[in-house]
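This report concerns only the one structure given below.
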Amino acid sequence: MEGKYRNKYNISSSRLSNWDYGSNGIYFVTICTKDRVHYFGEIGEIGNADVQSVSEAQSSETQSSETQSLETQSIASLRMTEIGEVAFNNWLNIPAFHPYVELDDFVIMPDHMHGILFINKPDKTIWELNKFGAQSKNLASILRGYKSSVKTYATTNDIEFSWQSRYYDRIIRNEKEYHNIKGYIKNNPDQWFQNGDNFENLFNP
């Protein structure tokens, strides 16, 4: 992933209003639950034998999600609810519906999630400015589909759950920012465990 900065994804500067969100790029996104309700679970100290890492979870697709407790780093981990596991697994499934998307680090928290997405379209030649209204094959459509899949599961299975209507996004412009954001994502559960939810959840470089 890191080599992409030198080869494809090095972005100079651009105003968000003039950016094509379906273009090749690296995006950091944050999606929150409605009213910041802890639908996805609670953060607790690691120590249970059934805790496993995100990378292990990605390589163990045959394991039942009902028995997985997913560690995000060395001190604290989210003890997921059923809808938290759905949010986790459906994020992993994004490339199945959007093959031009590559996933990087992400974390599910009690009331929000953070993730890094790579949009890779080698054949894209037309620049389309950010716009309102119906959109496809861009960041908005990717996240709309993801949010809808989690909400649909909750509705079908009579689970109380709602997303915040909007999401937060940031175009990652250089390698330093990329590494800072990866560290921020990794440390999110620790920060929550140590400070509660009284800390800024949005990344500021």
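The values are calculated or read from the model by the stated rules, or taken from the named source; none is laboratory data. Here the structure is a predicted model, which means the values were calculated and not measured. We place every Cβ from the backbone using ideal geometry, glycine too, and count neighbours over all the protein chains shown. Heavy atoms of the whole protein, side chains included, go into the accessibility calculation; ligands, DNA and RNA do not. Shrake-Rupley method; radii C 1.70, N 1.55, O 1.52, S 1.80 Å.
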Flagged in the stretch 12-37 as modelled with pLDDT of 85 or more and either over 22 Å from Lys147 (Cβ atoms) or surrounded by fewer than 16 Cβ atoms within 10 Å (Cβ to Cβ) (or both), in numbering order, are Lys34, Asp35, Arg36, Val37
Per the list (1) at pLDDT 50 or above; (2) not in a helix (DSSP H, G or I), residue check on Thr62 breaks on (1)
Considering the stretch 86-105 alone, what residues qualify as being closer than 12 Å to Ile26 by Cα, out of contact with any Gly (no Cβ under 8 Å at 6 or more places or on another chain) and buried (at least 18 other Cβ atoms within 10 Å of the Cβ)? Val101
Just one of (1) on the phi < 0 side of the Ramachandran plot; (2) at pLDDT 50 or above; (3) open to solvent by 40 Å² or more (accessible area, probe 1.4 Å) trips up Trp127, so point out which. (2)
Taking Asp104, is it at pLDDT 95 or above and farther than 20 Å from Trp163 by Cα? yes
Name the residues in the stretch 83-111 that are under 9 Å from the mean Cα position of the chain (by Cα) and either in contact (Cβ under 8 Å) with a residue 40 or more places away in the chain or assigned to a loop (DSSP other than H, G, I, E, B) (or both), would you? Trp91, Asp104, Asp105, Phe106, Val107, Ile108
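Please go through the stretch 143-179 and pick out each residue that is among the β-branched types (Val, Ile, Thr), at pLDDT 95 or above and crowded, with 18+ Cβ neighbours inside 10 Å.
Answer for the stretch 143-179, where residues must be among the β-branched types (Val, Ile, Thr), at pLDDT 95 or above and crowded, with 18+ Cβ neighbours inside 10 Å: just Val150.
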Which of the residues spanning the stretch 148-198 are under 25 Å from Ile75 (Cα atoms), in a loop (DSSP other than H, G, I, E, B) and under 16 Å from the mean Cα position of the chain (by Cα)? none
Pairs with Cβ under 7 Å, 6+ apart, first in the stretch 165-178 and free of Cβ contacts under 8 Å to residues at least 60 places away in the same chain, second surrounded by fewer than 18 Cβ atoms within 10 Å (Cβ to Cβ): Glu177/Pro205
